[in-house]
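Just so it is clear, none of the values below were taken in a lab; they were calculated from the coordinates. Source: prediction; values computed, not measured. All Cβ positions, glycine included, derive from the backbone under ideal geometry; neighbour counts span all protein chains shown.
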């Protein structure tokens, strides 16, 4: 993939994530940003299809059962929270009561 294409893809990944976090309708978000709605939806489909292709190409990465481990039992531990360890080693701590749309937006923004 050419550098320009990668930059476009990253731009749209960020933009789609911002739209999800904004709480606005896609129509309103695009209007305020002066984006074409059709282009927004095209990129949304393209990025989603790319994620699905990568999952199919690497079944070992996502195909197995989930595993969980106790991270910490000490003081300061989140109540009924989760910690996701991402492939790159970063950790995403999710506290109890997080809104579904917020979590979806964060996970979408983390997709390569």
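I'd like the FRET efficiency for residue 48 and residue 93, computed as 1/(1 + (r/R0)^6) with the beta carbon distance as r and R0 of 35 Å, rounded to 0.05.
0.85
By how many nm would the segment from residue 83 to residue 2 grow when fully extended, if each residue of separation counts as 0.36 nm and the alpha-carbon distance is taken off?
Taking residue 83 through residue 2 to full extension adds about 25.7 nm, to one decimal.
What distance in nm separates the two pseudo spin-label positions at residue 101 and residue 21, each 7 Å out from Cα along the beta-carbon direction?
Using points 7 Å along Cα→Cβ, the separation is 1.5 nm.
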